Amino acid sequence: MNAHDRTPFSLPQQTGWAKSGKQPSIAIIGAGMSGIAAVVKLRKAGYANLTVYEKADRVGGTWRENQYPGLSCDVPSRWYSFSFALNPDWNYRYSYGPEIQAYMEKTANDFGVTNIVKFNTPVVDLTYEGPKWRLTTENGDITHYDIVISATGVLHKPAHPNIDGLETFKGHMFHTARWDHSVDLKGKRVGIIGTGSTAAQIIGDITDKVGAMHVFQRTPRWMVPLPQTKYKAAWKWLMRKLPFLQRRAYQFYFDAMVNHFSAATVGNQKKLARIQQICLRHLKKGVADPELRAKLTPDYKAGCKRLIFCSTFYPAITRPNAHLITDRIARITPTDIETEDGKVHELDALILATGFDPTAFILPTKVTGENGADLGTFWNGAPRAHRAVSMPGFPNFWMVEGPTGPVGNLSLITISEYQIDYIISMLDKMRDEGLAAIAPRQEAFAAYNQQMQERVPETIWASGGCDSWYIDKSGTPNLYPFLPTKYLEDMHAPNFGEYRLMREEEIANCIPATEEKALVYA
Ligand code: NAP
């Protein structure tokens, strides 16, 4: 029997937080950038009953997990900052990973986030027991919350390539997001599969230290030079003394990135052509050998895959110990990689720079909404959300950086902050009107996603002649296909007509998601 076949049960009358004038209990899952911002902003808005669940032992999210050499952020530091914690002390225009991780930790400490985080506590199950959520952790603890906010990040589940013999390799092998610091690569024959943003930074950083660097490229990437600068002490002093300069810089980089790179990807052909010219010039300047240059020249348009900002890759790949291999990988053996041209590339270590599963988000946590709806089944391998923050059938469950939000060559911190403000508007609405639950209407969700689908042909992701995770197999975008500024404007003032605003009477008739709960309520 599935949940839809059951007779509705009458739940015991529960007075929701909003009607009783209490503070809502809010669970935030993930203590990365979005989780930290959520705590700070919720508190500022008056919501103080917060608990953060974090699977690891430190805050920081992607900046804690990624520790590969050369790790940096290709979004300028002055914009890749919390609006409530602008940082005059950034050392570089484009920060390196450890400095960003330190900033995350400092912000979490300064704003009293760290002390409300339950570390080493993965959440394994979330079940809607209208209007509350039952949250179960890996160690079996169960707590009920009025509101759940998923802040688990976009790309965090490493994707391993499906290559014949991969598991038989006997040398050192690890994914870039699980860097093995116990391995000294100095003087070794190193192979790296992948040529995305991550691989470019690693290759740029370690090629001069390893014995040989074998780069296995399936698709070449367009690359813009990264105008890196180290900030002088006087500049930091000035930023500290004149905070308005920090705000100006934040806005300057915001405008520059959105007006150029985002505008180009969502349809501005002139800007796109200009970016492609910059990439071609960078390539020509960086790679003198015409044969190598040809191998590194994409046959699709710039912007189709995520643009790489990197000035260290071309100097590295042109070193005598670097080998760019463009023949397809046939198989991996215990000691080498064999390519389809019959060549054998012997390796001591193999780095998998093969990216992440873009469909994970909060999964594999099991999330069960109204009437037993399972989130994994609802998404069916193609995660969708209403305005990237909520799903029909999952009331009082919000996502920060959920599916189809604006990502790619911009500061996700800004996007997260707007989404959190939007969620706060929803909580305010519940409080002001004594509502028990809010969830997007199915029609609003469908219309929103239809609008995005219709926009796809105008984007470079669809017309640029490449494959990427930006568009799924059905041609539906995995990210926002309009200008990010449109998204932010729309998020500024929620249209409550898009939502089911539920009072307690409507909740009482919901069907418990599982038989087990039926017993609880019997
Ligand atoms: P990625 O962009 O998904 O690149 C994965 C690479 O692995 C691609 O070159 C891909 O080739 C290759 N690959 C995957 N499976 C393969 C296989 N079976 N055989 C051969 N090659 C294979 O991953 P990433 O570089 O880790 O970047 C992921 C995301 O992290 C980026 O989109 C970006 O958002 C973020 N990131 C950001 C920064 C930053 O500075 N802000 C830095 C690093 C990463 P194909 O292209 O042919 O698929």
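Give the number of residues within the stretch 190-217 that are touching a strand residue (DSSP E or B) at 6+ places or on another chain (Cβ under 8 Å) and not in a helix (DSSP H, G or I).
17
Consider only pairs whose beta carbons are under 7 Å apart and that are at least six residues apart or on different chains; among these, list those whose first residue lies in the stretch 101-120 and is more than 19 Å from Ser77 (Cβ to Cβ) and touching a residue at least 24 places away in the same chain (Cβ under 8 Å) and whose second residue is open to solvent by 60 Å² or more (accessible area, probe 1.4 Å) and assigned to a loop (DSSP other than H, G, I, E, B).
What qualifies is Phe119/Asp57; Asn120/Asp57.
Inside the stretch 195-243, can you point out the residues that are surrounded by 18 or more Cβ atoms within 10 Å (Cβ to Cβ) and of a type in the set (S, T, N, Q)?
If the condition is that a residue be surrounded by 18 or more Cβ atoms within 10 Å (Cβ to Cβ) and of a type in the set (S, T, N, Q), then Thr195, Ser197, Thr198, Gln201, Thr207, Gln217 are the ones that fit.
For the stretch 284-293, state whether one or more residues are open to solvent by less than 20 Å² (accessible area, probe 1.4 Å), touching a Gly at 6+ places or on another chain (Cβ under 6 Å) and not basic (Lys, Arg).
no
Kindly check whether there is at least one residue in the stretch 182-189 that is assigned to a strand (DSSP E or B) and modelled with pLDDT of 95 or more.
yes
Just to be sure I understand the filter: pairs with C-beta atoms under 7 Å, separated by 6 or more residues or on different chains, first member in the stretch 296-316 and of a type in the set (A, V, I, L, M), second member within 10 Å of the ligand (Cβ to nearest atom) and open to solvent by less than 10 Å² (accessible area, probe 1.4 Å). Which pairs pass?
From residues that are of a type in the set (A, V, I, L, M), the pairs are Ile308/Ala200.
Within the group Asp89, Asp57, Asp5, which residue is at pLDDT below 95, of a type in the set (Asp, Glu), more than 16 Å from the ligand (Cβ to nearest atom) and open to solvent by 20 Å² or more (accessible area, probe 1.4 Å)?
Asp5 is the lone residue from the list that is at pLDDT below 95, of a type in the set (Asp, Glu), more than 16 Å from the ligand (Cβ to nearest atom) and open to solvent by 20 Å² or more (accessible area, probe 1.4 Å).
Ile415: hydrophobic (A, V, I, L, M, F, W, C), within 16 Å of the ligand (Cβ to nearest atom) and buried (at least 22 other Cβ atoms within 10 Å of the Cβ), yes or no?
For Ile415, the condition - hydrophobic (A, V, I, L, M, F, W, C), within 16 Å of the ligand (Cβ to nearest atom) and buried (at least 22 other Cβ atoms within 10 Å of the Cβ) - is met.
Closer than 11 Å to Ala151 by Cα and either within 16 Å of the ligand (Cβ to nearest atom) or at pLDDT below 95 (or both): which single residue out of Ser77, Ser34 fits that description?
On the way: Ser77 fails: closer than 11 Å to Ala151 by Cα.
Only one candidate qualifies: Ser34.
Does at least one position in the stretch 218-237 carry a residue that is under 18 Å from Asp348 (Cα atoms) and either within 10 Å of the ligand (Cβ to nearest atom) or outside any helix (DSSP H, G or I) (or both)?
No, the stretch 218-237 has no match at all.
When Pro88 is evaluated against the numbered criteria (1) in contact with a Gly (Cβ under 6 Å, 6 or more places away or on another chain); (2) more than 24 Å from Ala360 (Cα to Cα), which criterion, by number, is the only one it fails?
(1)
For the structure I just gave you, tell me whether His156 is within 16 Å of the ligand (Cβ to nearest atom) and not hydrophobic (A, V, I, L, M, F, W, C). Explain how you work it out, then say what you get.
Working: within 16 Å of the ligand (Cβ to nearest atom): yes; not hydrophobic (A, V, I, L, M, F, W, C): yes.
Here the answer is yes, as His156 does meet what is asked.
Return the total of residues in the stretch 265-313 being away from the ligand (no atom under 16 Å from the Cβ) and either in a helix (DSSP H, G or I) or modelled with pLDDT under 95 (or both).
Selection size over the stretch 265-313: 25.
Yes/no matrix, rows are residues, columns are (1) away from the ligand (no atom under 16 Å from the Cβ); (2) open to solvent by 20 Å² or more (accessible area, probe 1.4 Å); (3) among the hydrophobic types (A, V, I, L, M, F, W, C):
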site	(1), (2), (3)
Val344	yes, yes, yes
Ile351	no, no, yes
Thr359	no, yes, no
Val367	yes, no, yes
Glu370	yes, yes, no
Gly376	yes, yes, no
Asn380	yes, yes, no
Pro395	yes, no, no
Trp398	yes, no, yes
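Anything in the stretch 255-284 that is more than 23 Å from Glu458 (Cα to Cα) and in contact (Cβ under 8 Å) with a residue 40 or more places away in the chain? List them, or say none.
His282, Leu283 - these are the residues of the stretch 255-284 that are more than 23 Å from Glu458 (Cα to Cα) and in contact (Cβ under 8 Å) with a residue 40 or more places away in the chain.
The values are calculated or read from the model by the stated rules, or taken from the named source; none is laboratory data. Everything quoted here is computed from the prediction, not taken from an experiment. Note: ideal-geometry Cβ built from the backbone for every residue, glycine included; neighbour counts use all protein chains shown. Remember, those area values only see protein heavy atoms, side chains included, never the ligands or the DNA or RNA. Shrake-Rupley method; radii C 1.70, N 1.55, O 1.52, S 1.80 Å.
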